[in-house]
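Single-structure report; data block below.
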Amino acid sequence: MMTRRQALKATVLASAACATAATQRVASAQPSAGQAPVTGLTGPFTLPPLPYAFDALEPHIDALTMQIHHDKHHAAYVANLNKAVAEFPELGKQRVEDLLGELNAVPEKIRTAVRNQGGGHYNHTLFWQMMRKGGGGQPAGELLKGIEKRFGSFGAFKDALAKAALSQFGSGWAWLVLDANKQLGIEPTPNQDSPISQNKQPLLGIDVWEHAYYLKYQNRRPEYVAAFFQVIDWDFVGEQYKRALG
Ligand code: MN3
């Protein structure tokens, strides 16, 4: 049997090995497809690769935050979602957004797990695509028109989304959504709740969990929110808007 001291030493060595691997991978700054060392990722739900290098959003969002956020946090939501649906194989054949859109149809035993872990998987899958290297600026076309019509101006929209992000107490998200009446709106959600569970299509979301910004910004959430606006991929958000309008 391992003594406590041996167990502690083994843990420290394992952590050191992880830290070394993390440093090497940040240095190489490659997309992380197939690299995530988290068990439970063999399906039915899978971790999508980050669509750009870890350091693509520097200096606004740092490479180490991106790496941990994707490879550890998002990977864990996927792994835990897979564990939750393991005894309900038919659920694993559905899209995660369909499970979240009909949470009441999910067996009660795993409903909270699907809400939290499935929400984490879906929200982050969108989140990576909502950002890009050299992003920021303003939307164009129909989305800009829609935002101006609903909020008065792009500046007023930006202020409203930032306000929702800053006033979310604790962990959660602030979203630009399109509701069932095809109206744009600002929607804060706690934890990993997704607007899609309220029949609202998320178009743009700011993750305001501390894991999204603490390494670089510590408690300065307003700086992180300002930085997020510098990396938004408005082309992607505009496409989401068009699709949601139908
Ligand atoms: Mn997150």
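The values are calculated or read from the model by the stated rules, or taken from the named source; none is laboratory data. Predicted, not measured: the structure shown is a model, and the values here were computed from it. Ideal geometry is used to build each Cβ from the backbone, glycine not excepted, and the neighbour counts take in all protein chains shown. With ligands, DNA and RNA removed, areas are computed over all heavy atoms of the protein, side chains included. Shrake-Rupley method; radii C 1.70, N 1.55, O 1.52, S 1.80 Å.
Name the one entry in Glu90, Glu97 that is away from the ligand (no atom under 16 Å from the Cβ) and either among the hydroxyl-bearing types (Ser, Thr, Tyr) or without any contact (Cβ under 8 Å) to a residue 60 or more places away in the chain (or both).
Numbers: Glu97 fails: either among the hydroxyl-bearing types (Ser, Thr, Tyr) or without any contact (Cβ under 8 Å) to a residue 60 or more places away in the chain (or both).
The match here is Glu90.
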Regarding Tyr224, is this residue aromatic (Phe, Trp, Tyr), touching a strand residue (DSSP E or B) at 6+ places or on another chain (Cβ under 7 Å) and in a helix (DSSP H, G or I)? no
Against the condition modelled with pLDDT of 95 or more, under 30 Å from Pro222 (Cα atoms), open to solvent by 60 Å² or more (accessible area, probe 1.4 Å) and under 15 Å from the mean Cα position of the chain (by Cα), how does Pro59 come out, does it pass? no
Would you point out the residue of region 28-56, among those that are at positive phi and loosely packed, with under 12 Cβ neighbours inside 10 Å, that is modelled with the highest pLDDT? Gly43
Quick one: in region 100-112, of everything that is in contact with a Leu (Cβ under 9 Å, 6 or more places away or on another chain) and in a helix (DSSP H, G or I), which residue is surrounded by the fewest Cβ atoms within 10 Å (Cβ to Cβ)? Ala105
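Quick check on my filter: what residues within region 120-173 are away from the ligand (no atom under 16 Å from the Cβ), assigned to a helix (DSSP H, G or I) and under 16 Å from the mean Cα position of the chain (by Cα)?
The answer is none; no residue qualifies.
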Condition test on Tyr241, is it among the hydroxyl-bearing types (Ser, Thr, Tyr), crowded, with 20+ Cβ neighbours inside 10 Å, in a helix (DSSP H, G or I) and out of contact with any Gly (no Cβ under 9 Å at 6 or more places or on another chain)? no
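Taking region 193-217 as the region of interest, how many residues are assigned to a loop (DSSP other than H, G, I, E, B) and either within 14 Å of the ligand (Cβ to nearest atom) or over 14 Å from Gln240 (Cα atoms) (or both)? It would help to see each step written out before you state the result.
To start, the set of residues in region 193-217 that are assigned to a loop (DSSP other than H, G, I, E, B) comprises 193-194, 199-200, 208-209, 213.
Add one more test, that the residue is either within 14 Å of the ligand (Cβ to nearest atom) or over 14 Å from Gln240 (Cα atoms) (or both), and what stays is 193-194, 199, 208-209, 213.
Selection size over region 193-217: 6.
May I ask you to say which residue of Arg115, Arg25 is at pLDDT below 95, over 23 Å from Ala227 (Cα atoms) and in a helix (DSSP H, G or I)?
Working: Arg115 fails: at pLDDT below 95.
On inspection, the qualifying residue turns out to be Arg25.
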